[in-house]
Ligand code: SME
């Protein structure tokens with residue numbers, strides 16, 4: 001299963017920015033280039049004229065089982081002045097604008113949430129662009145890993161920041177991954193030899209709920225053209241969900257996992273409980289057809305991300 005993810009960040013001069021991001025544990029690959037401009041394959045000199053529309057950007061690949069998108073964005077905001085328009089450090093021009101460019105639309109709610117949280121820290125508005133990645137052209141080789149080849153080279157970021165990035169750990173994600181891998185083994189042995197699907201769902205929900213102390217953990221089963229409440233742990237819940245309705249009905253209709261960091265931002269979310277603030281819904285399939293969904297709710301924002309998705313998809317595959 002391919003779990004690595006991509007993200008494109010414009011944070012001023014890409015020499016220092018790449019050096020910063022590559023220190024973060026869980027970032028497995030970086031390259032620098034030019035993002036979201038209007039000319040194909042521009043040279044550094046062309047971008048430098050500030051007429052091609054590109055931003056100097058770093059392409060990051062990361063392992064979401066080690067580091068979350070939210071953590072990466074937290075680190076990103078440590079390396080930029082998000083209120084500064086077209087200038088970072090002494091570098092000025094639209095090519096030095098700040099931007100978060102995503103290649104997976106499912107990243108957008110996480111980026112929005114991080115932007116909201118960051119904006120609350122400033123009186124001035126944020127100048128960070130949030131856009132889908134339109135294009136990315138890798139820069140000339142001598143720009144790649146520039147500060148590794150030129151340790152005394154120009155850098156707009158303080159050296160202390162590199163140390164900070166190197167020492168930091170996304171402990172929440174690392175611990176979560178470890179817990180899931182244990183729980184997965186427990187569920188495997190618990191279900192061993194049991195063929196009744198209700199009994200299997202009941203104990204899986206109980207074990208997940210107990211381990212992670214979620215707000216609501218349970219299943220909805222496909223019955224005709226609606227979902228019907230199945231075994232669960234937590235407060236009473238709505239019993240019928242039509243196809244295409246709410247997070248559950250949408251995950252069923254689209255036959256894919258939906259991760260919702262803020263339920264208020266999900267159009268049509270069904271609030272069985274006012275306390276629920278984030279949610280993940282994972283389809284359970286039999287011969288490729290959705291036969292049920294695993295639904296988990298949390299009382300906190302952004303409890304679930306790609307790490308949960310990865311592990312919970314393994315749980316339902318059992
Ligand atoms: N929130 C879900 C409904 C189920 S409860 O969360 C238990 C939804 O929008 O589908």
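Once you have a ≥ b ≥ c as the square roots of the Cα gyration tensor eigenvalues for region 97-167, tell me rounded if a/c is under 1.5, and otherwise prolate or oblate according to whether a/b is larger than b/c.
oblate
Give me the percent relative contact order of the chain, please, defined on Cα pairs under 8 angstrom at least 6 residues apart. Kindly include the intermediate steps, with their values, before the conclusion.
Working: 625 pairs, mean separation 52.2, N = 318.
Computed over the chain, the figure is 16 percent.
Roughly how tilted is helix 69-79, in degrees to the nearest 10 and between 0 and 90, from the longest Cα axis of the chain?
That helix lies at roughly 20 degrees to the long axis.
Which of rounded, prolate or oblate describes region 51-92 when judged by the alpha-carbon gyration tensor and an a/c cut-off of 1.5? Mind dumping the intermediate values first?
Values: a/c = 3.53, a/b = 1.75, b/c = 2.02.
Oblate is the answer for region 51-92, as a/c is 1.5 or above yet b/c matches or exceeds a/b.
At 7 Å along the Cα-to-beta-carbon direction for both residue 43 and residue 116, put a label point, then send me their distance in nm to one decimal.
That separation, rounded to one decimal, is 4.6 nm.
Roughly how many nanometres apart are two label points built 7 Å out from the Cα toward the Cβ at residue 150 and residue 211?
Inter-label distance under the simple model: 4.9 nm.
Kindly rank 179-192, 54-67 from highest to lowest mean number of other beta carbons found within 10 Å of each residue.
Values: 179-192: 14.0, 54-67: 23.4.
The peptides rank, most packed first, as 54-67, 179-192.
Using r as the Cβ-Cβ distance of residue 61 and residue 191, and R0 as 35 Å, what FRET efficiency do you calculate, to the nearest 0.05? Numbers along the way, then the final one.
Values: r = 34 Å, r/R0 = 0.98.
For R0 = 35 Å, the calculated efficiency reads 0.50.
Averaging sequence separations of C-alpha pairs under 8 Å and six or more residues apart, then dividing by the length of region 5-169, give the relative contact order as a whole percent.
Details: 317 pairs, mean separation 58.2, N = 165.
Reported relative contact order: 35 percent.
Considering the chain as a Gaussian network with a 10 Å cut-off on Cα pairs, which listed residue, 222, 291, 27, attains the greatest mean-square fluctuation?
Comparing 222, 291, 27 in a Gaussian network model of the chain, the most mobile one is 291.
Let's test this: bin the Cα-Cα distances of region 172-317 at 5 Å from zero up to the farthest pair and state each bin's percent.
Final binned percentages: 2, 10, 21, 26, 22, 13, 5, 1, 0.
Give the angle, between 0 and 90 degrees and rounded to the nearest 10, that separates the Cα long axis of helix 171-191 from the longest principal axis of the Cα atoms of the chain.
Taking Cα atoms only, the helix is inclined about 30 degrees.
Which whole-number value in Å³ per residue fits the convex hull of the alpha carbons of region 30-119?
Values: hull volume 9.9 nm³, N = 90.
Residue-normalised Cα hull volume stands at 110 Å³.
Select from 38, 209, 269 the residue whose mean-square fluctuation is largest in a Gaussian network model of the chain (Cα-Cα springs shorter than 10 Å).
Maximum fluctuation in the GNM of the chain, among the listed residues, is at 38.
Jot down the per residue volume, in cubic angstrom and as a whole number, of the convex hull over the alpha-carbon atoms of the chain.
Details: hull volume 47.0 nm³, N = 318.
Taking the convex hull of the Cα positions in the chain, it is 148 Å³ per residue.
Calculate how steeply helix 197-212 sits against the longest principal axis of the alpha-carbon atoms of the chain, using the helix alpha-carbon long axis, and give the answer as 0 to 90 degrees to the nearest 10.
50 degrees
What length, rounded to one decimal in nm, is gained on full extension from residue 175 through to residue 131, with 0.36 nm per residue of separation minus their alpha-carbon distance?
Details: separation 44, 0.36 × 44 = 15.84 nm, distance 3.11 nm.
Taking residue 175 through residue 131 to full extension adds about 12.7 nm, to one decimal.
Give me the distance between the Cα centres of region 148-216 and region 90-110, rounded to whole Å.
Using only Cα atoms, the two centres lie 26 Å from each other.
Using only alpha carbons, build the gyration tensor for region 1-66 and give me the equivalent ellipsoid semi-axes, biggest first, whole Å. If you can, show how the numbers build up before the last one.
On the way: eigenvalues 130, 33, 11 Å².
They are 26, 13, 7 Å, listed largest first.
May I ask for the Kirkwood hydrodynamic radius of region 5-169, worked out over all distinct Cα pairs and given in angstroms to one decimal?
On the way: mean 1/r = 0.0636 Å⁻¹.
This gives a value of 15.7 Å.
Taking springs between alpha-carbon atoms closer than 10 angstrom, which of 292, 275, 114 fluctuates most in the Gaussian network model of the chain?
Looking only at 292, 275, 114, the largest GNM fluctuation is found for 275.
Computed from the coordinates by the stated procedures, all read-outs in this text should not be read as laboratory data. Note that this is a predicted model, so its numbers are computed, not measured. Every residue, glycine among them, receives a Cβ derived from its backbone with ideal geometry; neighbour counts consider all protein chains shown.
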